[in-house]
Amino acid sequence: MAFLDLRHLQKFYGTTHVVRDFNLAVEKGEFISFLGPSGCGKTTTLRMVAGFETPSEGSISIDGKDVVNLKPNQRNIGMVFQAYALFPNMTVAQNVGFGMKIAGRSRAEIDARVAEMLGIIKLPELGTRYPFQLSGGQQQRVALARALAGQPKLLLLDEPLSALDAKIRVSLREEIRAIQKKLGITTIYVTHDQEEALSMSDRIVVMNNGIAEQIGNPFEIYSKPATRFVATFVGHLNTLEARLTDPATGACEIAGQTVALGQPVEGPAGRAVTLSLRPEAILLGARPDNDVTIRAPVRDVSFLGSVVRIRAMVGAAPISLDIFNNTASRPPVPGEEIEISFSSRDVLLTGD
């Protein structure tokens with residue numbers, strides 16, 4: 001049996017169906033991210049696991065024990081919120097040790113655990129400071145240490161990095177993942193940031209309109225999206241409208257150009273289809289390894305540091321591709337006609 005087992009979870013607020021038949025089995029030590037847009041049900045699901053919301057239907061078990069009817073403080077869960085929720089009148093050390101104090105642990109045990117946790121979050125010298133004397137990143141580390149100090153069975157994080165600037169977010173997400181691996185604690189992480197989810201997770205649950213659209217590892221979610229929503233929400237996606245001309249070979253007509261996908265496509269000739277591609281799957285120029293080549297005029301060119309993003313037009317559809325910023329070669333300019341190529345293996349094909 002899974003360490004955390006969510007079965008047929010449903011949540012209604014009046015007539016609004018927020019979470020729909022949600023099922024997830026999490027193994028001990030896994031790092032799972034709930035990823036999705038605002039209002040998709042990810043935080044509500046997390047709050048049901050924490051005990052702050054009661055499921056309208058379904059079951060939740062942790063380490064083989066049904067916890068649906070238990071209060072939050074009876075579930076042995078550590079929680080980190082988007083707002084740090086530190087006690088302003090307590091020092092860092094007092095904040096970290098607060099839960100243990102409430103649980104009746106001895107002073108010696110609390111002091112030893114607080115020192116250990118401050119070492120883990122790399123703030124051993126800041127125990128006597130107050131929250132207002134810390135940066136946002138330091139405050140979030142203290143909130144993490146407080147959540148872990150009582151040695152919970154499960155760690156829940158609700159968009160803990162969203163209030164921080166980009167550089168701090170990158171460094172702190174690496175620290176969170178390193179600490180989680182070191183402690184081996186089962187973790188559920190809620191985020192709307194796909195980069196966070198892809199870089200941190202063992203598995204990702206992509207949510208939309210209260211349902212789990214897809215559950216898989218980062219490679220599966222990004223490279224093998226199960227639905228159109230997953231494909232468009234995770235990463236940038238190019239879409240080309242085409243018309244099937246030969247179902248047996250997968251030949252399609254795109255903006256007056258015929259391309260063969262090299263694989264059978266279901267449906268009659270004349271059927272409208274959509275070809276979807278990641279920018280990194282498209283290369284500038286014809287290549288021996290790519291079996292599809294299209295000519296397209298350049299619409300615009302954007303410099304993104306080490307990468308140059310080119311947007312070309314295939315008929316009325318813009319298509320983006322990335323090349324490295326190489327000072328020895330000139331990127332194309334707007335108005336120039338270029339050849340772009342890709343492998344039919346990289347195409348996600350959907351019908352209207």
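From the Cα trace of segment 255-302, what convex hull volume per residue do you get, rounded to a whole Å³? Could you put the intermediate results ahead of the total?
On the way: hull volume 6.0 nm³, N = 48.
Expressed per residue, the convex hull around the Cα atoms of segment 255-302 is 124 Å³.
With the contact rule set at Cα under 8 Å and sequence spacing of 6 or more, what percent relative contact order holds for the chain?
Values: 717 pairs, mean separation 52.8, N = 352.
It comes to 15 percent, rounded to a whole number.
Average the reciprocal distances over every distinct pair of alpha-carbons in the chain, invert the result, and give the Kirkwood radius in Å.
Numbers: mean 1/r = 0.0432 Å⁻¹.
Hydrodynamic radius (Kirkwood, Cα pairs) of the chain is 23.2 Å.
Can you give the local net charge around GLY78? Use residues other than it whose beta-carbon is closer than 11 angstrom to its beta-carbon, Lys and Arg +1, Asp and Glu -1. Write down the numbers at each step before the final one.
Details: positive: ARG75, ARG146, LYS153; negative: none.
Once all neighbours under 11 Å are counted, the net charge is +3.
When only C-alpha pairs under 8 Å and at least 6 residues apart count, what is the relative contact order of segment 224-352, in percent? Display every interim value, and only then the final one.
On the way: 280 pairs, mean separation 34.5, N = 129.
Over segment 224-352, the number comes to 27 percent.
Using the Cα atoms as the points, what is the convex hull volume per residue of segment 30-175 in Å³?
Details: hull volume 19.1 nm³, N = 146.
In segment 30-175, the Cα convex hull volume per residue is 131 Å³.
Given segment 27-89 reduced to its alpha-carbon atoms as identical point scatterers, what log10 I(q)/I(0) does the Debye formula return at q = 0.17, 0.21, 0.23 Å⁻¹?
With no solvent term, the Cα-only Debye profile gives -0.72, -1.04, -1.18.
On the accessible surface of segment 247-352, probed at 1.4 Å, how many percent belong to carbon and sulfur atoms?
Numbers: 2910 of 5510 Å².
Whole-percent figure for carbon plus sulfur exposure: 53.
Enumerate the lysines that LYS122 could reach by cross-link, defined here as Cα to Cα under 25 Å, with residues fewer than 8 away along the same chain left out.
Cα-Cα hits under 25 Å: LYS101, LYS153, LYS167, LYS181, LYS182.
Taking every alpha carbon pair in segment 222-352, what does the distance histogram look like in 5 angstrom bins from 0, in percent?
Spelled out bin by bin, segment 222-352 gives 2, 10, 20, 23, 21, 14, 6, 3, 1, 0 percent.
For segment 294-339, what are the per-bin percents of Cα-Cα distances with bins 5 Å wide, up to the bin holding the maximum?
Distribution as computed: 5, 24, 33, 23, 11, 3, 0 percent.
Going by alpha carbons, how many degrees (0 to 90, nearest 10) lie between the helix axis of 107-120 and the longest principal axis of the chain?
Helix 107-120 and the main axis of the chain meet at about 20 degrees.
Relative to the Cα centre, what is the charge dipole magnitude of segment 53-147, using +1 at the beta carbon of each Lys and Arg, -1 at the beta carbon of each Asp and Glu, and rounding to the nearest 20 debye? Could the numbers behind the result be given before it?
On the way: 11 positive and 8 negative charges, 60 e Å.
Dipole about the Cα centre, nearest 20: 280 debye.
What is the sum of charges, Lys and Arg at +1 and Asp and Glu at -1, for the other residues whose Cβ falls under 10 Å from the Cβ of VAL206? Could you put the intermediate results ahead of the total?
Details: positive: LYS42; negative: GLU213.
Taking every Cβ under 10 Å from that of VAL206, the sum is 0.
Going by average Cβ density within 10 Å per residue, which order do the peptides 136-149, 82-95 take, highest to lowest?
Descending packing order for the listed peptides: 136-149, 82-95.
Quick one: net charge around THR293, please, counting Lys, Arg +1 and Asp, Glu -1 for every other residue with C-beta under 11 Å from its C-beta. Show your work: numbers first, answer last.
Values: positive: ARG287, ARG295; negative: ASP291, GLU339.
Residues near THR293 contribute 0 overall.
On average over all directions, what projected area in square nanometres does segment 91-157 have, based on the convex hull of its Cα atoms?
Details: hull surface 17.5 nm².
Mean orientational projected area (segment 91-157, Cα hull): 4.4 nm².
What base-10 log of the normalised intensity I(q)/I(0) is obtained for segment 184-272 from the Debye formula, alpha carbons as equal point scatterers, at q = 0.12, 0.22, 0.24, 0.26 Å⁻¹?
Values returned for q = 0.12, 0.22, 0.24, 0.26 Å⁻¹ are -0.53, -1.00, -1.09, -1.20.
Give me D for segment 98-210 in µm² s⁻¹, whole number, from Stokes-Einstein with Rh from the Kirkwood sum over alpha-carbon pairs, 25 °C and 0.890 mPa s. Before the final figure, lay out each step's value.
Details: Rh = 15.2 Å.
Roughly 161 µm²/s, to the nearest whole number.
Given a 1.4 Å probe, how much area per residue of the chain is accessible, in Å²?
Values: 16750 Å² over 352 residues.
That works out to 48 Å² for each residue.
Stokes-Einstein at 10 °C, 1.306 mPa s, Kirkwood radius from Cα pairs: D for segment 273-349 in µm² s⁻¹?
Values: Rh = 12.8 Å.
Diffusion coefficient, whole number: 124 µm²/s.
The values are calculated or read from the model by the stated rules, or taken from the named source; none is laboratory data. Since this is a predicted model, take the numbers as computed values, not measurements. Here Cβ is always computed from backbone atoms with ideal geometry, including for glycine, and neighbour counts include all displayed protein chains. Each accessible area value is taken on the protein alone, full model and side chains, heavy atoms only, with ligands, DNA and RNA left out. Shrake-Rupley method; radii C 1.70, N 1.55, O 1.52, S 1.80 Å.
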